[in-house]
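Below you'll find the structure, written out as structure tokens, and then a few comments.
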Amino acid sequence: MKKWIVTIVWALGLVVPVMGQKATMMVPMEEPKEEVVWLSWEEAYERSVTDENPKKVFVDVYTDWCGWCKRMDATTFSDPKLMAYMSKKYYLVKLDAEQKADIVFKGNTFKYVASGVVATTN
């Protein structure tokens, strides 16, 4: 019985002094968010050819209806530390998988084909 009384008194000794204080919430400071610069396919290719120290190209292929693509935008691509690293090491390209515009790469033109078959011309 004495152990219980000692335990309760000890616990109250910890809680009572805190009860009169105003509660504050500690919020971690956010790092300043740098806006991620997504390039077009053409811009990334041009930079890879003209920059003195070219980077590799990271391509995020997405569609407007893709739920996982939206989740990547909301979570992974909104992480400031990750995106700072990615921007430092890669040219970042967002590529709409359903775009109708032609893509020209190394002399080849890739055209939109509704059936999903890739068509190229030289």
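Residues in the range 44-71 that are within 11 Å of the chain's Cα centre (by Cα) and surrounded by 14 or more Cβ atoms within 10 Å (Cβ to Cβ): Asp60, Cys69. Taking (1) in a helix (DSSP H, G or I); (2) of a type in the set (Phe, Trp, Tyr); (3) in contact with a Leu (Cβ under 6 Å, 6 or more places away or on another chain) in turn, Phe58 satisfies each apart from (1). Within the option set Val117, Val93, Val104, Val113, being on the phi < 0 side of the Ramachandran plot and modelled with pLDDT of 90 or more holds for one residue only, Val93. For Trp65, work out the one condition from (1) touching a helix residue (DSSP H, G or I) at 6+ places or on another chain (Cβ under 9 Å); (2) modelled with pLDDT of 90 or more; (3) assigned to a loop (DSSP other than H, G, I, E, B) it doesn't fulfil. Failing condition for Trp65: (1).
Answer yes or no: is there a residue in the range 16-37 that is modelled with pLDDT of 85 or more and either charged (D, E, K, R) or assigned to a strand (DSSP E or B) (or both). Scanning the range 16-37 turns up no residue that is modelled with pLDDT of 85 or more and either charged (D, E, K, R) or assigned to a strand (DSSP E or B) (or both).
Scanning the range 86-106 for residues that are over 21 Å from the mean Cα position of the chain (by Cα), hydrophobic (A, V, I, L, M, F, W, C) and part of a loop (DSSP other than H, G, I, E, B) returns a single hit, Ala101.
The values are calculated or read from the model by the stated rules, or taken from the named source; none is laboratory data. As the structure is a computational prediction, the values presented were derived from the model and not from experiment. Cβ atoms come from the backbone with ideal geometry, glycine included; neighbour counts cover every protein chain shown.
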